[in-house]
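Visitor: Before we start, here is the structure in question, set down as structure tokens.
Read the figures in this text as sums done on the coordinates, not as results from a lab. Note that this is a predicted model, so its numbers are computed, not measured. Here Cβ is always computed from backbone atoms with ideal geometry, including for glycine, and neighbour counts include all displayed protein chains.
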Amino acid sequence: MNPSPQTKEFLFLLLAIVIGALAGVGTLGFLALIEVGQWGAWPGNGQFIDRVLATPWWLRILIPTLGGLAVGPVIAFWAPEARGPGVPEVIEAATLRGGHISPRMALLKASCTGLTIATGGSVGREGPVVGIGAAIGSFMTRLFSFSSGKGRICLACGVAAGFAATFNTPISGALFTIEVILADLEIVYLGHIVIAAIVAVLISRQFLGDFPTFTLAPFTLHHNSELLVYLVLGVLAGLVAIAFTWGIYTTDGAFRRLPLPEWLKPALGGLGLGILAVACPYILGVGYDSINLSLAGKFALAAAVFLLAAKYLATVLCLGSGMSGGIMGPSLFMGATLGTTLALAANHFFPGLHLRPTDYALVGMGALVSGTTLGPITATVLIFELSNSHEIIVPAMVSCIASFQVVKSLYGYSTYETKLLRRGIKIFRGKEIRMLQSMQVKDYITKNMEVIRDETPLPEILQRVEESAYPFFVVLDDQDELSGVLTLWDLRQVMAQPKEATEKLTARDLKISQVVSVHPEDDFETAFKLLEHKNFSFLPVVLSPRDKVVVGILKIEDVLTAYNHRLLKEQTLGSTGPGPADRE
């Protein structure tokens, strides 16, 4: 006896809870791995930064070098996809592989990043925890033989759970998944993702306690005019984010060209990091201890500028040389020092402002995360959850959206997307551009459409509406060429007027004349961007830019169905393109 659809949905919701719990446990295991590794690698007692400060200068050089030497062979010979941030691989799995990701890759990524961070590598930990959660979701997909659609949701539940458990922030965990990983989502499954994130946070709090990730002073917006300064902070954060992404992949290219064995290059990056750490030990590791110092207002202007530059160089060296790790930890660090720098510099040149560096450090963290991930909503909510202050929402939104707009306008891609682009993968709204470009409009035209003339009177239009299954009409002129379109929404607005005012109206009076259309030879990338940007449900298809004879329509549901069918075909038969390792 087959279960009812309601029963299936309930069981799928239970599965989301299981995925969240397992991802929470996996995240705790990864954090424990880092903690044990740090205690083994760095002598002394106290917090990580205290032990680093007490370590002799030569050990600050040796330990990161040995860390790079340990992870280099693993990445070079067994897991080349573990190189750099791990989030792009998860985005690729969600977009092109129906949510399938290798558990082996996730485990090796976690191991390499854990060892890198433990030995002082200046990288973030979001990549491995996202990978662990994704691998758990992928395992459930294979276990229950889910379709690619539900496979993406299982992966999304795992990703949200891992992110949420890491930062103790369930809402931003769900938003990160929707905004950065999936880029689009059927709203019916939003609850599954949120529940998985909540369960993971509960698991994390059970073992680690309900403590904030960072030690924060109360946030205060003294005057609305400060929003202008937060706007400037967002613009600066966007510029730093672009420089950060450029630095990572420029350094990556330089290291790839070095005439040295690949397995040795992370050790060279570790050596450079160690030399930097002699002058600035605060840059080692994820940097949360140093972020807390910045949030407490412990750094002067010169120190904040120096830390910002040193952390930038340290992270670029680590990721560029081939180490494994994320970008969010360094982004938070640089954002905090950038916010501190701006506030202290503004106070120096304009003493009457009395800006609090701690406030700007906190908002700066979100602004830089927004610029590097192109997830402004995620970044805003992350800062809100970390601070638990409603007053921070507007300043954070101003800075995060400004940073996002600067990166989108001047560069166009997140740090994650840049890695995929270097592999030949371009993604728009959760769709892979290469595949969209291989599909042409002429193969998916619908010729069943409702057509009316410019002279068609309103009563006849209303009768056609009642008889038709379509919510829109193509309007033709007396030359049988495209004149406009008419939708139920347009008619609804007209029918709200008095009857006397509408009796003599025709389609010419009601139509939308400024029509966006496509041609049979256009590819799906062109059509999909028009449908998404303009929020249309269909596009008229005309013979050419000059010949406006309508040959059919292209509906958004047909575009999505055709894309999903092509994606399923490639997943089943195998893509003819290079694999991730080959594209490295």
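Visitor: Taking 0.36 nm per residue of sequence separation and subtracting the Cα-Cα distance, how much length would be gained by fully extending the chain between Arg205 and Gln514, in nm to one decimal?
Guide: Working: separation 309, 0.36 × 309 = 111.24 nm, distance 5.54 nm.
Additional length available on full extension: 105.7 nm.
Visitor: Figure the gain on full extension for Leu410 and Thr213 (residue separation times 0.36 nm, minus the Cα-Cα span) and round it to one decimal in nm.
Guide: Values: separation 197, 0.36 × 197 = 70.92 nm, distance 3.23 nm.
Taking 0.36 nm per residue and subtracting the Cα distance, the gain is 67.7 nm.
Visitor: Highest first, please rank the peptides 360-369, 558-567 by the mean number of other Cβ atoms sitting within 10 Å of their residues. Let's see the in-between values first.
Guide: Values: 360-369: 32.5, 558-567: 15.9.
Per-residue mean Cβ counts within 10 Å order the peptides as 360-369, 558-567.
Visitor: What residues from segment 347-367 fall in the zone where the backbone N is under 20 Å from a label point 7 Å along the Cα-to-C-beta line of Ala243?
Guide: 347-349, 360-367
Visitor: Among the listed pairs Lys8/Lys447; Lys150/Lys419; Lys511/Lys569; Lys109/Lys298; Lys109/Lys311, give every one whose C-alpha distance is greater than 31 Å. Numbers along the way, then the final one.
Guide: On the way: Lys8/Lys447 37 Å; Lys150/Lys419 26 Å; Lys511/Lys569 40 Å; Lys109/Lys298 34 Å; Lys109/Lys311 22 Å.
Beyond 31 Å between Cα atoms: Lys8/Lys447; Lys511/Lys569; Lys109/Lys298.
Visitor: Another question, if that's okay. In whole angstrom, note down how far apart the Cα centers of segment 305-332 and segment 513-547 are.
Guide: When both Cα centres are located, 43 Å separates them.
Visitor: At 0.36 nm per residue, minus the direct Cα-Cα distance, what do Asp523 and Gln479 gain on full extension? Give it in nm, one decimal, please. Each step should come with its number before you reach the end.
Guide: Numbers: separation 44, 0.36 × 44 = 15.84 nm, distance 2.75 nm.
So the extension gain works out to 13.1 nm.
Visitor: For Leu462 and His223, what does the FRET efficiency come to when R0 = 56 Å and r is the distance between their Cβ atoms, rounded to the nearest 0.05?
Guide: On the way: r = 56 Å, r/R0 = 0.99.
E between Leu462 and His223, to the nearest 0.05, is 0.50.
Visitor: Select one label from [x] 24.1, 85; [y] 35.3, 119; [z] 26.9, 90: the one whose number is Rg and Dmax of the Cα atoms in Å as derived from the coordinates shown.
Guide: Answer label, from the structure shown: [z].
Visitor: Only bridges with both residues in the chain count here: give the DSSP antiparallel percent, nearest 5.
Guide: 75 percent
Visitor: Hey, another quick one. Starting from the Cα of His565, step 7 Å along the direction of its Cβ; do the same at Val549; then give the gap between the two resulting points in nm.
Guide: 2.7 nm
Visitor: I would also like to ask the following. How do Phe12, Phe144 line up, fewest other C-beta atoms within 10 Å first? Could you put the intermediate results ahead of the total?
Guide: Details: Phe12 17, Phe144 13.
Listed from fewest to most nearby Cβ atoms, that is Phe144, Phe12.
Visitor: What's the ranking of 280-287, 449-456, 15-22 by average number of surrounding C-beta atoms within 10 Å, highest first?
Guide: On the way: 280-287: 24.8, 449-456: 15.9, 15-22: 23.2.
The packing order, highest mean first, is 280-287, 15-22, 449-456.
Visitor: How far apart, in nanometres, would the label points at Lys447 and Leu62 be if each is projected 7 angstrom from Cα along the Cα-to-Cβ direction?
Guide: 7.9 nm
Visitor: Still on this structure: Segment 406-425 to segment 205-265: how many Å between their Cα centroids?
Guide: Cα centroid to Cα centroid, the span is 16 Å.
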